[in-house]
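**Q** Sending over a structure as structure tokens; questions will come in a sec.
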Amino acid sequence: MNEKQKYLVVLAGPTAVGKTDISIELAKHFKTGIISADSRQFYKELKIGAAPPEQEQLETVKHYFVGFKSISEYYNVSRFEQDVLQLLPGIFEKNNIAILTGGSGLYIDAVCHGIDDMPDHDPELRQQLTERMNSEGIESLRLELKKLDPESYNNVDLKNKNRVFRALEMCLLTGKPYSQFLLKSKKERPFNIIRIALNMDRALLHDRINRRVDLMMEKGLENEARELYKFRSCNALKTVGYKELFEYFDGIHTRDVAIELIKRNTRRYARRQISWFNRNNDYTWFTPGQVSEITGFIQNEISKEKNE
RNA sequence: GGUACCAUAGCUCAGUUGGUAGAGCAACGGACUGAAAAUCCGUGUGUCCCUGGUUCAAUUCCAGGUGGUACCA
């Protein structure tokens, strides 16, 4: 079997653009399954807020990595990369094509070209550092990073506390500079990758986002959030749709304001996604109405490869 | 129909003693290798309602018009 005749079709795009529907049409057309690259649809508790595919859709086409984790479980990009790479050979035994769809650009890229090897964080150390950040401020962490890893100090965004935190955390955990792990190597994959991204007129996208939020509220997002309130410190719940409702429960703002904030933050999230996919020139862009153009494009890419 | 007030950014509004304008929110652009639906950086986007008049110069003053709001008929 020539492995290079296998194809991973990546379907990216901003939230609410219609990736789920298109991915199902593509999966039916190519008689294959769908791998979700959506860092919130992984969690089974986020039934409404993460807008996972409907039950009926899940029954129509085989989906992987939807609702397969609990919010209290730790998961990260690197594990996702490994999980997908382990899964793919099985799919490729029966199909030439697999579909990877979702809005988490970092996760998609990890599957497509890998992510450098680093150890997982140590929960105790993270706790200590978090406390230190809260009491001493970020400047203290910056200065220590400067000592332990001048290269990272010069390269990371020092205003971004997550980045400073992460770099220092790795230095302390491994005893080696964080920058030594950052090889930015592009790993070769034993399959071809066809990247497709969806987008639409911005005003239309905003309209879809706003309506989807209203629909989520009708479906009972508020109740879902109330039940998850006690897990709010979980990373999986640091998410648009939940954090705003938690603030409403805390009395920080009204229900109506919370809904407006969910809409606004979702719009901003969509913009960041577009930004991420835009900087990668490997994507070919379509609108969600162009299903036949997309299937034609995929077919064409495949025959191009075969003739080489 | 009459009187008063208002008309400036997508919205709510400030302001210019006459020298073409700025806040909040919204929006837009970007970065980003284990928290990524997170986190962070950057950007005013404008026929100052229209037409005349006064003036070196009008978004600002004057007149008329149009639209809105309130009150009186």
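**Q** Could you tell me which of the residues A:Ile294, A:Ile259 is of a type in the set (A, V, I, L, M), more than 9 Å from RNA strand B (Cβ to nearest atom) and under 20 Å from A:Lys238 (Cα atoms)?
**A** Step by step, each of A:Ile294, A:Ile259 is checked, and only A:Ile259 is of a type in the set (A, V, I, L, M), more than 9 Å from RNA strand B (Cβ to nearest atom) and under 20 Å from A:Lys238 (Cα atoms).
**Q** Tell me yes or no: at least one residue of the range A:144-154 is away from RNA strand B (no atom under 12 Å from the Cβ), out of contact with any Leu (no Cβ under 6 Å at 6 or more places or on another chain), aliphatic (A, V, I, L, M) and farther than 23 Å from A:Tyr74 by Cβ.
**A** yes
**Q** Here is a further query. Suppose we keep only residues that are on the phi < 0 side of the Ramachandran plot and charged (D, E, K, R) within the range A:21-45. Which one would you say is surrounded by the fewest Cβ atoms within 10 Å (Cβ to Cβ)?
**A** Within the range A:21-45, the match that is surrounded by the fewest Cβ atoms within 10 Å (Cβ to Cβ) is A:Lys28.
**Q** Please work out which one of (1) open to solvent by less than 30 Å² (accessible area, probe 1.4 Å); (2) out of contact with any Asp or Glu (no Cβ under 8 Å at 6 or more places or on another chain); (3) not hydrophobic (A, V, I, L, M, F, W, C) is the condition A:Asn192 fails and give its number.
**A** (2)
**Q** Of these, A:Ser185, A:Ser135, which one is of a type in the set (Ser, Thr, Tyr), over 27 Å from the mean Cα position of the chain (by Cα) and surrounded by fewer than 18 Cβ atoms within 10 Å (Cβ to Cβ)?
**A** Just one listed residue meets the conditions, A:Ser135.
**Q** So the check is Cβ under 6 Å with 6+ separation or different chains; which pairs have a first residue in the range A:175-197 that's farther than 30 Å from A:Asn154 by Cβ and a second one that's surrounded by fewer than 16 Cβ atoms within 10 Å (Cβ to Cβ) and modelled with pLDDT under 95?
**A** Filtered contacts from the range A:175-197: A:Pro190/A:Glu3; A:Asn192/A:Glu305.
**Q** Residues of the range A:217-238 being open to solvent by 20 Å² or more (accessible area, probe 1.4 Å) and near RNA strand B (Cβ under 10 Å from one of its atoms), which ones?
**A** A:Ser233, A:Cys234, A:Asn235, A:Lys238
**Q** Let me ask something else about it. On the given criteria, is A:Ile99 hydrophobic (A, V, I, L, M, F, W, C), over 30 Å from A:Met217 (Cβ atoms), within 19 Å of the chain's Cα centre (by Cα) and more than 14 Å from RNA strand B (Cβ to nearest atom)?
**A** So A:Ile99 fits the description; yes.
**Q** Looking at A:Lys6, A:Lys47, A:Lys19, can you tell me which residue is of a type outside the set (Ser, Thr, Tyr), out of contact with any strand residue (DSSP E or B) (no Cβ under 8 Å at 6 or more places or on another chain) and either under 24 Å from A:Thr284 (Cα atoms) or touching a residue at least 60 places away in the same chain (Cβ under 8 Å) (or both)?
**A** Checking each option against the conditions leaves just A:Lys47.
**Q** Do we find a residue being over 27 Å from A:Val84 (Cβ atoms) and assigned to a loop (DSSP other than H, G, I, E, B) anywhere in the range A:139-156?
**A** Within the range A:139-156 (the criterion being over 27 Å from A:Val84 (Cβ atoms) and assigned to a loop (DSSP other than H, G, I, E, B)), the answer is yes, since at least one residue qualifies.
**Q** Please count how many residues of the range A:106-137 are hydrophobic (A, V, I, L, M, F, W, C) and at pLDDT below 90.
**A** 1
**Q** Given the criteria among the small types (Gly, Ala, Ser) and either open to solvent by 20 Å² or more (accessible area, probe 1.4 Å) or farther than 23 Å from A:Thr295 by Cα (or both), does A:Gly103 qualify?
**A** Spelling it out, it is not the case that A:Gly103 is among the small types (Gly, Ala, Ser) and either open to solvent by 20 Å² or more (accessible area, probe 1.4 Å) or farther than 23 Å from A:Thr295 by Cα (or both).
Yes/no per residue for (1) within 20 Å of A:Val213 (Cα to Cα); (2) open to solvent by 40 Å² or more (accessible area, probe 1.4 Å); (3) out of contact with any Ser or Thr (no Cβ under 8 Å at 6 or more places or on another chain); (4) within 14 Å of RNA strand B (Cβ to nearest atom):
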position: A:Tyr7; (1), (2), (3), (4): no, no, yes, no
position: A:Lys47; (1), (2), (3), (4): yes, yes, yes, yes
position: A:Thr60; (1), (2), (3), (4): no, yes, yes, no
position: A:Tyr74; (1), (2), (3), (4): no, yes, yes, yes
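**Q** Next question. Picking from A:Gly251, A:Gly289, which residue would you name as being away from RNA strand B (no atom under 16 Å from the Cβ) and either of a type in the set (Asp, Glu) or closer than 30 Å to A:Arg126 by Cβ (or both)?
**A** Every option except A:Gly251 fails the conditions.
The values are calculated or read from the model by the stated rules, or taken from the named source; none is laboratory data. Computed from a predicted model, the values in this text were never measured in an experiment. As a convention, Cβ positions derive from the backbone with ideal geometry for all residues, glycine included, and neighbour counts pool all protein chains shown. In case anyone asks, the SASA skips ligands and DNA or RNA and just uses the protein heavy atoms, side chains included. Shrake-Rupley method; radii C 1.70, N 1.55, O 1.52, S 1.80 Å.
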